[in-house]
Amino acid sequence: MAFWRSTTLESNKHDLNTYANPTTTMTTTTTSTATTTTDKEATTTHAELTKIPLMRAFIETHDPSSMHEVDDLMMRRFLRARDSDVDKASAMLLKCLKWRRSFVPNGFFSVSEVPNEITQDKVFAQGHDNRGRPIAVIFGARHFQNKQGGLDEFKRFVVYAFDKLCASMPDGQEKFVGIAELKGWGYSNSDVRGYITALSILQDYYPERLGKLFILHAPYIFMKVWKVIYPFIDNNTRKKIVFVENKKLKSTLLEDIEESQLPEIYGGQLPLVPIQDS
């Protein structure tokens, strides 16, 4: 049930040299389309191949009981998040493993543990982009600070959503795509602490899981909040965020997502599916 881990090497430990071949292609099958692509992100570099064993040795020394939780692709993600610095990547992974055991002791969260967040009906997941990355749609105007469950339930919901997306990744894919819909967003939806919390969970515990984030219909007042959040976004994450012009909304999304996989609300063919039903 460790959905947050890699999907490619979960059940069989292939030699990572398989992924070091620049000509390796990734074949992904979605509900209604099959796409074959050459994904540079799925290629393990020679430098990474030499550093992964060093990282494994570091983890085995400092937390030997966790080795059943760690695979090579997971270590590669943490390496990339720390610019291939073995010491920093290893420390980051050890921190993540400790957090995961403490915050998610059962390995996953159920719907019953995030009832107030689910009731807001704000996160949906359906379809895959051209690389096979699962797509999540988040409605910012439906998010309000959770007074009943508080920040702890919101944290659980963030983990719940990320784990659901990771579980829906086809073999050979490690990332997901987000569409943040901000039409109707107002100050009543402004939850800076919640936004920064979600961002921290993503960057610290799900590194290199976000493939791209499209931000749609961002109102002027949102940009004031964005200025507060922006300094907390690391450089790798910033490169993946795209503010989409209203006039070019569908055409921009179609550059990455086929119409058969695009939500109906953006002119595609897929109905919205609540994250809990995906």
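Please give the helix 46-62 orientation as an angle from the longest Cα principal axis of the chain, in degrees from 0 to 90, rounded to the nearest 10.
80 degrees
Can you give the angle from 0 to 90° between the axis of helix 220-229 and the longest principal axis of the chain, with both taken from C-alpha atoms, to the nearest 10?
Roughly 30 degrees between the two axes.
Straight distance only, please: which aspartates and glutamates reach the Cα of LYS155 with their own Cα at less than 14 Å, same-chain residues fewer than 8 apart left out?
GLU113, GLU117, ASP163, ASP191, ASP204
Project the alpha carbons of the stretch 159-278 onto their principal axes and report the range along each, largest first, in whole Å.
Reported extents, whole Å, longest axis first: 36, 34, 27.
Starting from the Cα gyration tensor of the stretch 103-155, take the square roots of the eigenvalues, sort them a ≥ b ≥ c, and report rounded, prolate or oblate (rounded when a/c is under 1.5, otherwise prolate if a/b is larger than b/c, else oblate).
In terms of gyration-tensor shape, oblate.
Order the peptides 48-55, 99-106, 187-194, 136-143 from the highest to the lowest mean number of other Cβ atoms within 10 Å of their residues.
136-143, 48-55, 187-194, 99-106
What does DSSP give for the chain in terms of the percent of beta bridges that are antiparallel, rounded to the nearest 5?
The antiparallel fraction comes to roughly 40 percent.
Based on DSSP H runs of at least 4 residues, each adding -39500 (n - 2.57), what is the mean residue ellipticity at 222 nm of the chain after dividing by all its residues, to the nearest 500 deg cm²/dmol?
Helix contribution divided over all residues of the chain: -11500 deg cm²/dmol.
Which of the GluC sites (Glu not before Pro) found in the stretch 175-276 are loop residues per DSSP with 15 or fewer other Cβ atoms within 10 Å of their Cβ?
Here the sparse-neighbourhood loop sites are GLU245, GLU255.
Evaluate the relative contact order of the stretch 50-196 (contact order divided by residue number), counting alpha-carbon pairs under 8 angstrom at least 6 apart; express in whole percent.
Relative contact order, the stretch 50-196: 20 percent.
Quick check for you: with a 1.4 Å probe and neighbouring chains kept, what is the accessible area per residue of the stretch 66-203, in Å²?
Result: 39 Å² of accessible area for each residue.
Under a Cβ-Cβ cut-off of 12 Å, what is the net charge of the residues other than GLY149 that fall near it, where Lys and Arg count +1 and Asp and Glu count -1?
Local charge sum for GLY149: -1.
For Cα pairs less than 8 Å apart in space and 6+ apart in sequence, what is the mean separation divided by the residue count of the chain, i.e. the relative contact order in percent?
For the chain, the relative contact order is 20 percent.
Counting only protein heavy atoms, what percent of the accessible surface of the stretch 161-202 is carbon or sulfur at a 1.4 Å probe?
58 percent
Count charges around ALA180 for me, please; just the other residues with Cβ under 14 Å from its Cβ, Lys/Arg as +1, Asp/Glu as -1.
Computed value for this residue: +3.
The values are calculated or read from the model by the stated rules, or taken from the named source; none is laboratory data. If you're wondering where the values come from, they're calculated on a predicted model, not measured in any experiment. Positions of Cβ are backbone-derived with ideal geometry, glycine not excepted, and every protein chain shown enters the neighbour counts. Ligands, DNA and RNA are stripped out before the accessible areas are found, and what is left, the full protein with its side chains, is counted by its heavy atoms. Shrake-Rupley method; radii C 1.70, N 1.55, O 1.52, S 1.80 Å.
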